[in-house]
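These notes are about the structure you will find just below.
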Amino acid sequence: QVQLVESGGGLVQAGGSLRLSCAASGRTISNNAMGWFRQAPGKDREFVVSIGRSASSIFYADSMKGRFTISRDNAKNTVYLQMNSLKPEDTAVYYCAARDTIRIGVRPDEYNYWGQGTQVTVSS
């Protein structure tokens, strides 16, 4: 079993930045693909980005390309999401997730473990 805990959310003005962290416990996640999703009120959970074993295996949702950057530190069992140039439409609860495979995934049902989420609010 893998437990995931997100942190780093908060309130930021449009154009600002936040760095989210996802700390894993229970076992190493070095062989797990990791993903970030987000969910705004009244909307479905939306794919943000997924990372495989290394930076050579990353896939971003189109609307996040160039603004968001995912990274992982396997020594710390942690995944990060650097978010820059934030927009009000980025406001959502952001979730970290892990797959029981190293292959990246884009659908929520492809992930086996989820964190509790962290709120990101971008004011205009």
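Miscellaneous remarks
- Among the protein heavy atoms of the chain, carbon and sulfur supply 48% of the accessible surface, probe 1.4 Å, non-protein parts ignored.
- A straight chain from ASN31 to ASP100 at 0.36 nm per residue would run longer than the Cα-Cα distance by 24.1 nm.
- In this structure, SER123 and ASP44 have a Cβ-Cβ separation that, at R0 = 30 Å, corresponds to a calculated FRET efficiency of about 0.80.
- Taking 0.36 nm per residue of sequence separation and removing the Cα-Cα distance, the ALA55/ARG67 pair yields an extension gain of 2.7 nm.
- Averaging 1/r over every pair of different alpha carbons in the chain and inverting the result gives a Kirkwood radius of 14.1 Å.
- The chain: relative contact order as a whole-number percent, Cα under 8 Å and 6+ apart: 37 percent
- Applying the Karplus relation 6.51 cos²θ - 1.76 cosθ + 1.60 with θ = phi - 60° to the stretch 61-75 yields 3J(HN,Hα) values of 5, 3, 6, 9, 4, x, 10, 10, 9, 9, 8, 9, 10, 5, 5 Hz, where x marks Gly and Pro.
- Average accessible area per residue (Å²) across the chain - probe 1.4 Å, nucleic acids and ligands excluded: 49 Å²
- Point-to-point label distance, ASN84-GLN1, nm (Cα→Cβ direction, 7 Å offset): 3.9 nm
The values are calculated or read from the model by the stated rules, or taken from the named source; none is laboratory data. Everything numeric here is computed off the predicted structure, so don't read it as measured data. As a convention, Cβ positions derive from the backbone with ideal geometry for all residues, glycine included, and neighbour counts pool all protein chains shown. These accessible areas exclude ligands, DNA and RNA; they are computed on the full protein's heavy atoms, side chains included. Shrake-Rupley method; radii C 1.70, N 1.55, O 1.52, S 1.80 Å.
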